[in-house]
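Asker: This is the structure, below, for whatever I ask next.
The values are calculated or read from the model by the stated rules, or taken from the named source; none is laboratory data. Computed from a prediction, not measured in an experiment: that's the story for all the values here. Counting neighbours? That spans all protein chains shown, and the Cβs are built from the backbone with ideal geometry, glycine included. Each accessible area value is taken on the protein alone, full model and side chains, heavy atoms only, with ligands, DNA and RNA left out. Shrake-Rupley method; radii C 1.70, N 1.55, O 1.52, S 1.80 Å.
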Amino acid sequence: MAEAKWYVVHTYSGYENKVKANIEKTIENRKLQDQILEVSVPLEDVVEVKNGKEKTVQRKMFPGYVLLNMYMNDDTWYVVRNTRGVTGFVGPGSKPVPLTEEEMYNMGLKREQEVVYEFEVGDTVQVVSGVWENTEGIVRVINPEKRSLTISIDMFGRETPVEIGFEDVRVDK
């Protein structure tokens, strides 16, 4: 079976929690727990100031929308689409479009995978692609967030820093 994906469902404004509850009830009744894995109404904490007093309240991040982590098939589509309060899936026509990896990461639905790299500061590396191909350098800075590192190369007798992607180097050992 293919991988479960996140889909967005449009609802009547103010019906997000009711739609979530109805879908969860239908999942339980039809025993679809293995096909519709999660129903979510993302909330965020917001500080409101009323009458000079600060109060932290939860507010819907996407009013009018419910997020579903599910395997798309005729049964799951039918269950979700025919839930009271649902106006349709987000996507062209009646074809639901899953969220991309980047969209899921930006919404906090998916955590970034831990980056594992084989080099350390001070290692000598060989550039294997790009403008600096076949150049040797010494690792000075490692940036896991950008998946890059800064290496020092010898250019015209001077040490010059160059930023290179992880995939463009290999460790010389």
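Asker: So which residues in segment 137-156 are under 17 Å from ARG170 (Cβ atoms) and surrounded by fewer than 14 Cβ atoms within 10 Å (Cβ to Cβ)?
Answerer: Once the filter is applied, which keeps residues that are under 17 Å from ARG170 (Cβ atoms) and surrounded by fewer than 14 Cβ atoms within 10 Å (Cβ to Cβ), segment 137-156 yields only ARG147.
Asker: Which residues, taken from segment 68-86, are among the aromatic types (Phe, Trp, Tyr) and under 14 Å from VAL8 (Cα atoms)?
Answerer: The initial filter retains those residues of segment 68-86 that are among the aromatic types (Phe, Trp, Tyr), namely 71, 77-78.
Those that are among the aromatic types (Phe, Trp, Tyr) and under 14 Å from VAL8 (Cα atoms): TYR71, TRP77.
Asker: Being over 30 Å from GLN35 (Cβ atoms), at pLDDT 90 or above and loosely packed, with under 12 Cβ neighbours inside 10 Å narrows it down to one residue among GLU159, GLU118; which is it?
Answerer: GLU159
Asker: Further question: Among the strands (runs of 3 or more DSSP E) contained in segment 1-87, which hold 1 or more residues that are open to solvent by 50 Å² or more (accessible area, probe 1.4 Å) and in contact (Cβ under 8 Å) with a residue 24 or more places away in the chain? If you could, list the steps in order and put the result at the bottom.
Answerer: Values: elements: 5-11, 36-40, 43-50, 53-60, 65-70.
Of the strands (runs of 3 or more DSSP E) lying wholly inside segment 1-87, those with at least 1 residues that are open to solvent by 50 Å² or more (accessible area, probe 1.4 Å) and in contact (Cβ under 8 Å) with a residue 24 or more places away in the chain span 5-11, 36-40, 53-60, 65-70.
Asker: Is segment 124-132 home to any residue that is open to solvent by 70 Å² or more (accessible area, probe 1.4 Å) and at pLDDT below 90? First the steps, then the outcome.
Answerer: To start, the set of residues in segment 124-132 that are open to solvent by 70 Å² or more (accessible area, probe 1.4 Å) comprises 131-132.
Adding the requirement that they be at pLDDT below 90 leaves 131-132.
The answer is yes, given that some residue of segment 124-132 is open to solvent by 70 Å² or more (accessible area, probe 1.4 Å) and at pLDDT below 90.
Asker: Answer yes or no: is there a residue in segment 107-115 that is closer than 30 Å to LYS31 by Cα, part of a loop (DSSP other than H, G, I, E, B) and at pLDDT 90 or above. Lay out the reasoning, then the answer.
Answerer: Keep residues of segment 107-115 that are closer than 30 Å to LYS31 by Cα, which gives 107-111.
Narrowing the set further to residues that are part of a loop (DSSP other than H, G, I, E, B) leaves 108-111.
Then keep just the ones that are at pLDDT 90 or above; that gives none.
Scanning segment 107-115, I find no residue that is closer than 30 Å to LYS31 by Cα, part of a loop (DSSP other than H, G, I, E, B) and at pLDDT 90 or above, so the answer is no.
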